[in-house]
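What follows draws every value from the coordinates through simple rules; no lab data is involved. All values reported here derive from a predicted model rather than from experimental measurement. Please note: Cβ atoms are built from the backbone with ideal geometry, for glycine as well, and neighbour counts cover all protein chains shown.
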Amino acid sequence: MTVRSFADTNIAVYALDKDPARRRAALAVMKARPVISVQVVNEFLNVAMGKMRLPRETAHRLVAVLMRRCEVSDLTVEIVTRALELGERYRVSHWDALIVSAALKTGCETLYSEDLQDGQVFDGRLTVRNPFAQE
């Protein structure tokens, strides 16, 4: 049985990183076709056109590829409501709680992110893994 995984925005962004080790680690996660959320898609687009200064057309093409290669979870009222509770219980930002909530809703067991504590477990069934921790 395959373990379902969820990728945070930084994983998709680092798949384009100039640092070979960081890019390699991110691409290894993305190769497994993780679940992402609409939030990840929007944050990726924001970074691509902002911090990375990619032309709009290029950024849009990359977003299209990202959405084709990953299962994209919708952002629902249920996910937002659960995120409010998770944020309070685990003392994480609302944006991180939205990621955790979407990962839990889609039945993922692993959440790849550098923003949350490596090894942290949410609701006894979602474990955070930082693929860059061993760089």
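Assorted remarks:
- When the Cα positions of Asn10, Thr81, Pro55 are compared along the charge dipole of the range 5-128, Pro55 comes out farthest toward the positive end, with charges on each C-beta of Lys, Arg, Asp and Glu.
- Inverse of mean 1/r across different Cα pairs in the chain, Kirkwood, Å: 15.0
- Size-normalised alpha-carbon gyration radius of the range 1-67, reference 2.2 N^0.38 Å: 1.09
- Normalised contact order of the chain, rounded percent, pairs of Cα under 8 Å and 6 or more residues apart: 28
- Backbone N within the range 30-58 under 13 Å of label point (7 Å from Lys18 Cα along the Cβ vector): 52-53
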